[in-house]
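Participant: Questions regarding the structure given below will be posed in turn.
The values are calculated or read from the model by the stated rules, or taken from the named source; none is laboratory data. All values derive from a computational prediction rather than experimental measurement. Here Cβ is always computed from backbone atoms with ideal geometry, including for glycine, and neighbour counts include all displayed protein chains. The area values use the complete protein model at the heavy-atom level, side chains included, leaving out ligands, DNA and RNA. Shrake-Rupley method; radii C 1.70, N 1.55, O 1.52, S 1.80 Å.
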Amino acid sequence: MPQSMRALVAGKVGEPTDVLRLESRPVPTPGAGQALIRVKATPIHASDLHVLRGRYGFSPEFPAVGGHMECVGRIEALSPDTEGLKVGERVVVAAVPAVPGHHVVGTWQEYLVADTRRILPVPDHLSDSSACQLAVNPLTALLLVTRELDVQPGEWLLQTAAGSTVGRLVIQLARHLGMRTINVVRRRGAVEEIKAFGGDEVICTEDEDLLQRVAEIAGPAGVRKAIDCVAGLVGAQVSQALAPGGEVVVYGALSTHRQTDPAALTIPLQARSVIYETKVVRGFWLNRWFGTASPEDALHALSQVRSLVVDEVLSIPQGQPFPLERFTEAIALAETPARDAKPLFVFEDGRDNDDR
Ligand SMILES: NC(=O)c1ccc[n+]([C@@H]2O[C@H](COP(=O)([O-])OP(=O)(O)OC[C@H]3O[C@@H](n4cnc5c(N)ncnc54)[C@H](OP(=O)(O)O)[C@@H]3O)[C@@H](O)[C@H]2O)c1
């Protein structure tokens, strides 16, 4: 076991490529209830960049290792009190800090210590790209569709940013469970792709009226259930497209990314429609879900997601691997519109194949 390792560390809040530095740090030692993980792959999510910019729902203490969501790796060491996990086992770590309460773990480093209640073994045949993205977006898709909104077979679900990883997972889950999706995308080029992917209906905000198209598809009353990760004016239109008593769960705010004008960080709602049509607009945040779910329920939900991915009901779009040294390039890709793949940091461990 080496004494030191490489880590991508932000000294302070700021623009990620300005504040991140590649550093050498001591390999940590697992405490009670913890495992030492040798990281193999870890994604760059939009939320990871929000955290570094100081614009997310929690803030780590700086200097902080970047990446606060998830990774795949192998267990290198375990605290003696641990049951059910083995040294050498390939595992996914749901590092998402629970709010309130959980300490923050950075995943953009070669080794990390994690709470064993957030570790799930995964089979070797699951690629590193899929495994390292298993705990956040697929879990979010599952919770939104089945627990937050309890969408029924045959029912319409309206969703924005349908081409996102979460959006694609929702489409696959909806098909599996017999629900119908109305998918909103911002580019005409994405329409055929989302239809071919299994989206029942696709609305393109570049050249179509969202409200009119929802009325044509679901009827003039609108839809009863929606999820939105764009917010801003698109989120407002989604709330208008709801049927009386309908509900939209807002789980992201992509249109507000990199905005600093406070007015751009809102979802302007029509008060009369919210009141007289008793529409519900509420949020979902995985960190808060982890903060309220019992550790057993959280592991149960994660193992449900693992089964859906292993059984190929859900396929997670292939990420693009980068070594830690190329972080500037990887972060630029994370924020490029119409990119094909989510960037992932990958580490060699001398045991697995590179082509996973
Ligand atoms: N609340 C939670 O707990 C939770 C959990 C997981 C994810 N999320 C959120 O869910 C969202 C999606 O995450 P992801 O990892 O699935 O995303 P992703 O794979 O990185 O994909 C981003 C997608 O969003 C689209 N997009 C970006 N900016 C947009 C805008 N201004 N208007 C419309 N579409 C836009 C892109 O469209 P183009 O193809 O046109 O570029 C792309 O399809 C993010 O906001 C993320 O933070 C929240």
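Participant: Out of everything in the range 1-58 that is surrounded by fewer than 21 Cβ atoms within 10 Å (Cβ to Cβ) and among the acidic types (Asp, Glu), what residue ends up being farthest from Glu335 (Cα to Cα)?
Facilitator: Checked the range 1-58; the qualifying residue farthest from Glu335 (Cα to Cα) is Glu23.
Yes/no matrix, rows are residues, columns are (1) open to solvent by 10 Å² or more (accessible area, probe 1.4 Å); (2) within 16 Å of the chain's Cα centre (by Cα):
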{"site": "His68", "(1), (2)": "no, yes"}
{"site": "Val72", "(1), (2)": "no, yes"}
{"site": "Gly84", "(1), (2)": "yes, no"}
{"site": "Val93", "(1), (2)": "no, yes"}
{"site": "Thr116", "(1), (2)": "yes, no"}
{"site": "Ile119", "(1), (2)": "no, no"}
{"site": "Leu134", "(1), (2)": "no, yes"}
{"site": "Leu139", "(1), (2)": "no, yes"}
{"site": "Val145", "(1), (2)": "no, yes"}
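Participant: Okay, next question. Identify all residues within the range 99-109 that are of a type outside the set (Val, Ile, Thr) and touching a Gly at 6+ places or on another chain (Cβ under 9 Å); write none if there are none.
Facilitator: Within the range 99-109, Pro100, Gly101, His102, Gly106, Trp108, Gln109 qualify.
Participant: I'd like to verify a number: residues in the range 272-291 that are within 13 Å of the ligand (Cβ to nearest atom), in contact (Cβ under 8 Å) with a residue 40 or more places away in the chain and more than 16 Å from the chain's Cα centre (by Cα), how many?
Facilitator: 1
Participant: Tell me the residue from Arg213, Arg175, Arg168, Arg187 that is touching an Asp or Glu at 6+ places or on another chain (Cβ under 9 Å), open to solvent by 10 Å² or more (accessible area, probe 1.4 Å), within 9 Å of the ligand (Cβ to nearest atom) and among the basic types (Lys, Arg), please.
Facilitator: Going through Arg213, Arg175, Arg168, Arg187 in turn, the sole match is Arg187.
Participant: Only one of Leu302, Leu269, Leu314 is part of a loop (DSSP other than H, G, I, E, B) and within 16 Å of the ligand (Cβ to nearest atom); which?
Facilitator: Leu314
Participant: Within the range 54-61, is even one residue under 21 Å from the mean Cα position of the chain (by Cα), under 30 Å from Thr260 (Cβ atoms) and hydroxyl-bearing (Ser, Thr, Tyr)?
Facilitator: yes
Participant: Another question, if that's okay. Which residues, counting only those in the range 216-238, are within 16 Å of the ligand (Cβ to nearest atom) and without any contact (Cβ under 8 Å) to a residue 60 or more places away in the chain?
Facilitator: Of everything in the range 216-238, those that are within 16 Å of the ligand (Cβ to nearest atom) and without any contact (Cβ under 8 Å) to a residue 60 or more places away in the chain turn out to be Ala231, Gly232, Leu233, Ala236, Gln237.
Participant: Since Phe62 meets every condition but one in (1) part of a loop (DSSP other than H, G, I, E, B); (2) among the hydrophobic types (A, V, I, L, M, F, W, C); (3) within 24 Å of Glu348 (Cα to Cα); (4) away from the ligand (no atom under 16 Å from the Cβ), which condition does it not meet?
Facilitator: Of the numbered conditions (1) part of a loop (DSSP other than H, G, I, E, B); (2) among the hydrophobic types (A, V, I, L, M, F, W, C); (3) within 24 Å of Glu348 (Cα to Cα); (4) away from the ligand (no atom under 16 Å from the Cβ), the odd one out for Phe62 is (3).
Participant: Does Val346 satisfy being outside the structural domain of Pro97 (by TED's automatic domain parsing), more than 13 Å from the ligand (Cβ to nearest atom) and β-branched (Val, Ile, Thr)?
Facilitator: When the stated conditions are applied, Val346 does not pass them.
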